[in-house]
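Novice: Please find one structure pasted underneath; my questions will follow.
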Amino acid sequence: MLTRRSFLQTSACFVFTALAGWPNLGHAQPSLQNQVNSYIQRQRRAGRIPRDEQTAWSVYDFTTSTKLVAINEERPLQAASMIKPFVAQGYFYRHVADRRSFPYDTQIQQRMAAMIRHSCNTETNYFINRVAGSPTGFDRFLKQRAGGIFRQTQIVEYIPQGGRTYRNQASARDYSRFLYAIWNDNLPMSEQVLHYMGLPSGDRILQGSTGIPLGTKLYNKTGSTARLCGDMGIVLARGRNGRIYPYTFIGIIDKSRRADNYTSWIRDRGNVLREVSSIVYAFMKQRHGLF
């Protein structure tokens with residue numbers, strides 16, 4: 001598995017800046033941000049994204065340690081299944097502290113894969129209970145261990161049958177900080193979280209996007225309800241010089257009321273995420289000489 005640690009062994013030009021132990025993830029380079037913002041505003045004027053829908057976007061270039069897009073990053077929005085890697089991380093905190101009471105055996109690995117790869121809500125609730133006994137207890141536990149990352153995260157409810165979870169929240173900035181941390185192996189068993197996020201599954205970052213080569217590696221987690229369409233992940237883009245140029249992509253569309261037609265709404269908003277992802281990749285292609 002390619003993590004930042006192994007990547008650094010083959011690349012000498014990573015330069016990271018830090019602020020209180022974390023990189024400067026708040027400053028955005030204007031060019032790509034303007035492109036993304038202009039695209040979203042065009043969709044609003046066309047009526048494709050109505051007034052009752054909020055969006056948030058974040059792109060971070062690991063190679064140059066630059067935040068390229070930061071649109072509504074600090075705004076807590078519905079999280080849906082995008083919190084599931086957070087739940088996995090909570091269990092790994094427990095595991096490294098007490099391996100006997102919180103084993104990482106075959107059964108746990110199967111449950112973890114079901115939660116993240118197959119987005120199983122039952123397994124998510126199992127891990128929330130196992131770690132802290134309740135959603136609010138889990139929220140407190142996570143913030144006690146990594147409050148600097150999960151600043152706008154609020155886990156207050158189990159994921160009910162049918163997946164209609166609307167009260168759990170996180171910000172694009174929280175996802176960005178989390179992805180940075182696991183890529184840099186700053187959290188317990190980060191490579192295992194990446195492993196589950198990298199298992200073949202659906203996404204709105206690569207699949208159906210324009211201009212992104214087949215075979216591009218992605219670590220991600222989607223979120224889908226009748227009020228939320230999102231995806232967050234790390235793209236490992238390939239350069240023509242043989243190097244890998246990783247970057248994060250986070251896109252969230254949050255609707256204030258349930259869509260009348262879930263199938264058509266989630267399909268169209270998923271396409272919005274793919275179109276923004278295509279804009280991002282085209283920018284990165286020019287920036288780093290990608291395929």
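Novice: Would you check which residues across region 120-149 are in a loop (DSSP other than H, G, I, E, B) and under 22 Å from R177 (Cα atoms) and list them? Step through it out loud before you land on a result.
Specialist: Pass one, region 120-149, residues in a loop (DSSP other than H, G, I, E, B): 120, 133-134, 147-149.
Once the filter is applied, which keeps residues that are in a loop (DSSP other than H, G, I, E, B) and under 22 Å from R177 (Cα atoms), region 120-149 yields G147, G148, I149.
Novice: From I71, I108, grab the single residue that is among the aliphatic types (A, V, I, L, M) and touching a strand residue (DSSP E or B) at 6+ places or on another chain (Cβ under 9 Å). Explain how you work it out, then say what you get.
Specialist: On the way: I108 fails: touching a strand residue (DSSP E or B) at 6+ places or on another chain (Cβ under 9 Å).
Exactly one residue qualifies, and that residue is I71.
Novice: Just to be sure I understand the filter: pairs with C-beta atoms under 8 Å, separated by 6 or more residues or on different chains, first member in region 196-223 and more than 28 Å from V87 (Cα to Cα), second member in a loop (DSSP other than H, G, I, E, B). Which pairs pass?
Specialist: Here the result reads I212/L206; P213/F291, each pair linking region 196-223 to a residue that is in a loop (DSSP other than H, G, I, E, B).
Novice: Within region 257-269, is even one residue closer than 19 Å to Y180 by Cβ, surrounded by 15 or more Cβ atoms within 10 Å (Cβ to Cβ) and either more than 22 Å from the chain's Cα centre (by Cα) or of a type in the set (A, V, I, L, M) (or both)? Don't jump to the end; show me each part of the working.
Specialist: Just the residues of region 257-269 that are closer than 19 Å to Y180 by Cβ, to begin with: none.
The answer is no; no qualifying residue exists.
Novice: Next up: Run down Q41, Q54 and say which single residue is more than 30 Å from C120 (Cα to Cα) and surrounded by fewer than 17 Cβ atoms within 10 Å (Cβ to Cβ). Working first, answer last.
Specialist: On the way: Q54 fails: more than 30 Å from C120 (Cα to Cα).
Residue meeting the stated conditions: Q41.
Novice: Any residue at all in region 86-101 that's touching a helix residue (DSSP H, G or I) at 6+ places or on another chain (Cβ under 9 Å), assigned to a helix (DSSP H, G or I), closer than 26 Å to T248 by Cβ and without any contact (Cβ under 8 Å) to a residue 12 or more places away in the chain?
Specialist: No, region 86-101 contains no residue that is touching a helix residue (DSSP H, G or I) at 6+ places or on another chain (Cβ under 9 Å), assigned to a helix (DSSP H, G or I), closer than 26 Å to T248 by Cβ and without any contact (Cβ under 8 Å) to a residue 12 or more places away in the chain.
Let's see how each residue does on (1) modelled with pLDDT of 95 or more; (2) out of contact with any Asp or Glu (no Cβ under 9 Å at 6 or more places or on another chain); (3) under 23 Å from T64 (Cβ atoms); (4) not small (G, A, S):
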residue	(1), (2), (3), (4)
E191	yes, no, no, yes
L199	yes, yes, no, yes
D203	yes, no, no, yes
G211	yes, yes, yes, no
G223	yes, no, no, no
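The values are calculated or read from the model by the stated rules, or taken from the named source; none is laboratory data. Here the structure is a predicted model, which is why all the values come from computation and not from measurement. For neighbour counting, all protein chains shown are included, and Cβ atoms are generated from backbone atoms with ideal geometry for every residue, glycine included.
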